[in-house]
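Participant: Have a look at this one before I ask anything.
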Amino acid sequence: MRTLTKNIIFLILFILLVLFFFPTENYADTIDDTFKGADEFVNKGDLSTINTQELKNTSDFIYNALLAVGMIGAVIVGIILGIKYMMANSEDKAVLKETLTPYIISCCVIFGAFAIWKLVINILQ
């Protein structure tokens, strides 16, 4: 019974929050307004209004920025692991060797994701 009461209170609070943060307004007074709004919505999705060069430039910028961050991060972590490995005793070297597997997998994921992204972009052109 107590759980049911908590669930009902939570549901009421959730509904009030949704109504408060997402107020509904009636934009269409007539059927003509509804069709006019639908036509405007469809026209906004028209591919001729999309600037493909700007989209390509943005995609290239995001690709290059994320690739640079990924490469810098991979190099820094690799340097840190290398220095720790050179300074470690035999027991610590075993632990560091165990951390190499996730490091190599994460490098493959990072560079593989960027390779797939570039491949998809080149195929879609």
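The values are calculated or read from the model by the stated rules, or taken from the named source; none is laboratory data. Here the structure is a predicted model, which is why all the values come from computation and not from measurement. Note that we place each Cβ from the backbone using ideal geometry, even for glycine, and neighbour counts take in every protein chain shown.
Participant: Given the options Val95, Val69, Val77, name the one that is of a type in the set (A, V, I, L, M), surrounded by 14 or more Cβ atoms within 10 Å (Cβ to Cβ) and either assigned to a helix (DSSP H, G or I) or touching a Gly at 6+ places or on another chain (Cβ under 9 Å) (or both).
Facilitator: The unique qualifying residue is Val77.
Participant: May I ask you to list the residues in region 50-66 that are over 17 Å from the mean Cα position of the chain (by Cα) and surrounded by fewer than 11 Cβ atoms within 10 Å (Cβ to Cβ)?
Facilitator: The answer is Ile50, Asn51, Thr52, Gln53, Glu54, Leu55.
Participant: Of a type in the set (Gly, Ala, Ser), touching a Phe, Trp or Tyr at 6+ places or on another chain (Cβ under 9 Å) and more than 21 Å from Ile123 (Cβ to Cβ): does that describe Gly70?
Facilitator: Here the answer is yes, as Gly70 does meet what is asked.
Participant: Here's a follow-up. Being touching a helix residue (DSSP H, G or I) at 6+ places or on another chain (Cβ under 7 Å) and aliphatic (A, V, I, L, M) is true for just one of Ala94, Ala74, Ala65, Ala115. Which residue is that?
Facilitator: Among Ala94, Ala74, Ala65, Ala115, only Ala74 is touching a helix residue (DSSP H, G or I) at 6+ places or on another chain (Cβ under 7 Å) and aliphatic (A, V, I, L, M).
Participant: Regarding Phe111, is this residue at pLDDT below 90, more than 30 Å from Gln125 (Cβ to Cβ) and either in contact with a Cys (Cβ under 7 Å, 6 or more places away or on another chain) or assigned to a helix (DSSP H, G or I) (or both)?
Facilitator: The answer is no for Phe111.
Participant: So which pairs qualify, if the first residue must be in region 84-110 and within 30 Å of Leu67 (Cβ to Cβ), the second must be not in a helix (DSSP H, G or I), the Cβ gap must be under 8 Å, and the two must be at least 6 apart or on different chains?
Facilitator: That search, which allows pairs on different chains as well, returns Leu96/Ala88.
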